[in-house]
1. Which stretch or stretches of region 422-452 have amide N atoms under 16 Å from the point lying 7 Å from GLN505's Cα along the Cα→Cβ direction?
2. Given R₀ = 51 Å, what would the calculated FRET efficiency be for LYS68 paired with LYS289, taking r from the Cβ atoms and rounding to 0.05?
3. Efficiency by 1/(1 + (r/R0)^6): what FRET value for LYS177 and HIS115, r their Cβ-Cβ distance, R0 = 51 Å, to the nearest 0.05?
4. Keeping all protein chains in place and using 1.4 angstrom, which order do SER305, SER491 fall into by accessible surface area, from largest down?
5. Hey, which of these cross-link pairs are over 27 Å Cα-Cα: LYS177/LYS243; LYS177/LYS369; LYS327/LYS510; LYS177/LYS327; LYS243/LYS367; LYS316/LYS383?
6. Would you work out which of THR143, SER401, ILE193 lies farthest towards the positive end of the dipole of the chain? Charges go on Cβ: Lys and Arg +1, Asp and Glu -1.
7. Taking the Cα centre of the chain as origin and charging only Cβ (+1 Lys, Arg; -1 Asp, Glu), how large is the dipole, in debye to the nearest 20?
8. Nearest 5 percent is fine: what portion of the DSSP beta bridges confined to the chain is antiparallel?
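The values are calculated or read from the model by the stated rules, or taken from the named source; none is laboratory data. Computed from a prediction, not measured in an experiment: that's the story for all the values here. Here the Cβ positions follow ideal geometry from the backbone for every residue, glycine too, while neighbour counts run over all protein chains shown. Ligands, DNA and RNA are excluded from the accessible area calculation, which covers all protein heavy atoms including side chains. Shrake-Rupley method; radii C 1.70, N 1.55, O 1.52, S 1.80 Å.
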Amino acid sequence: MRLWIWLWGMNLVLILSILSQFSKSAAETTSSPSEAPICSEQDRASLLSFKAGILQDTTETLSSWTGKDCCDGGWEGVQCNPSTGRVNVLQIQRPGRDSDTYMKGTLSPSLGNLHFLEVLIISGMKHITGAIPASLSNLTRLTQLVLEDNSLGGYIPPSLGRLSLLQTLSLSGNHLKGQIPPTLGSLRNLVQINLARNLLSGPIPLSFKPLQNLQYLDLSYNLLSGSIPDCIGIIPDQIGSLKSLTTLQLSNNQLTGHVPLSISRLQNIWYLNVSRNCLSDPLPVIPPKGIPSLLSIDLSYNNLSLGSIPDWIRIKQLRDVHLAGCKLKGALPHFNRPDSLNSIDLSDNYLVGGISNFFTNMSSLQKVKLSNNQLKFDISQIKVPEGLSSLNLHGNQLVGSLSTILNNKTTSSLEVIDVSNNFISGRIPEFMEGSSLKVLKLGSNQISGSLPVSISNLIELERLDISRNHISGSIPTGLGQLVNLRWLDISINGLTGQIPSSLSQISNLKHANFRANRLCGEIPQTRPFNIFPAVAYAHNSCLCGKPLLPCKGNLQKKIGQ
């Protein structure tokens, strides 16, 4: 300032005024240090290129991507680092399970130009197709890459192995094929890997061995083959890796070999699911203190011949025990900590005998599946635990009546009852208001009497099967009040009269079967009843109208008879 005074002397006031105006002008055109800078032109161009690759967007997310500043908070799903003005989060997710919201298009390779991106989540868009761009390997700052529940195809780019900071990788629910790239084993910071529900084939890479930070691994519902490597989930004594693993799901593949004893070293694992594979005997004998954190186990549908439930499973304080199709024999098992059990599946085995003491002290039980065994007892003597939501006893040798499991107390909590394919007799009890039933399957028994008018109280019901019984009388008009019904099978009974026109209110019915009764009259001429196949109405007395032949003039006389 002294230099300016020395040069201009008397013009000091004028110069100070000019400087003041200059400062004011600069403040108007330049952001102050406290304001976030606008996003870089490179990032904005990359985002707009991605937007251009999306041909349809019913989520309306991309409609907010307007203007020059993608960091002002107006671009939905886009976040920026406030100090640099570079995009560091791109998160586009379908809200809930709304089937009407999706994006249709492909993933632009320009996403690989968002070099400061730390989180990339594009999930649940359903109709985003094409390949995963190999350019995503340029996102070296990425910690989360989630592209699940889209329709992506092709192969997993091996170059993703360059994302050294990646902690979460989820590509589940797509149409990805080929082998799992061994290069993913170089991602030492991975905590979660989810590649489930794809078309992946080949072996599980041995390169997963060094992933010591891995806590969650899901490779289920693929076409994987070969034996389970010693390096994942199931740890050999000499490796001792994956000490942080809490969840291991390898279900629905073609894995062979044995479940090794080394799983007892997994101190933190609480969820173990190796169901629907080709694993064979012998099952390891786990020490009493082995896998101390285990809460849920599923060994169903392998090549296991257990005979009885291993002691190390029975004595643990487990929440879920699923041993379907494991060739269990003898009476129903006794669990040392029945109060902790939430879900039991012992279906498709060779269990025999009664059920009288099985539910004792199972105060937390919500779901039980004992279907397709050889259990034989009077169902009227069963003591259903309070709070039970699903009871499946399909395909046994049960006798007795339904009065105990179908009453006001039980149906207030039970949502699923399946006692089909047994020898149950008697009548269908009356239904009280307040029922929570969504599925009621009574088919293939010896039930007689009429379908009670109070069926209209089951307003939550979505599936009703009373087929292959001796039920007589007419179809209650109140059945039409069950507007949530999706599946209806009343075939092969002795029902008479008409199909009530009130059933036309059930507009979302996907399946109906009225075959082999004594029904007569016009089929409701509304969708979906007039477009069901003719076989759904076959072998009745005199049903007519689409999809059968048109009704004739003397129809009313036949109905009266």
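1. 433-434
2. Details: r = 63 Å, r/R0 = 1.23.
The calculated FRET efficiency here is 0.20.
3. Working: r = 29 Å, r/R0 = 0.58.
Computed FRET efficiency for LYS177 and HIS115: 0.95.
4. Details: SER305 65, SER491 5 Å².
Result, largest first: SER305, SER491.
5. Details: LYS177/LYS243 30 Å; LYS177/LYS369 34 Å; LYS327/LYS510 36 Å; LYS177/LYS327 34 Å; LYS243/LYS367 31 Å; LYS316/LYS383 24 Å.
Exceeds cut-off: LYS177/LYS243; LYS177/LYS369; LYS327/LYS510; LYS177/LYS327; LYS243/LYS367.
6. Value computed over the given set: SER401.
7. Details: 45 positive and 35 negative charges, 210 e Å.
Magnitude of the dipole: close to 1000 debye.
8. Counting only bridges with both partners in the chain, antiparallel ones make up about 5 percent.
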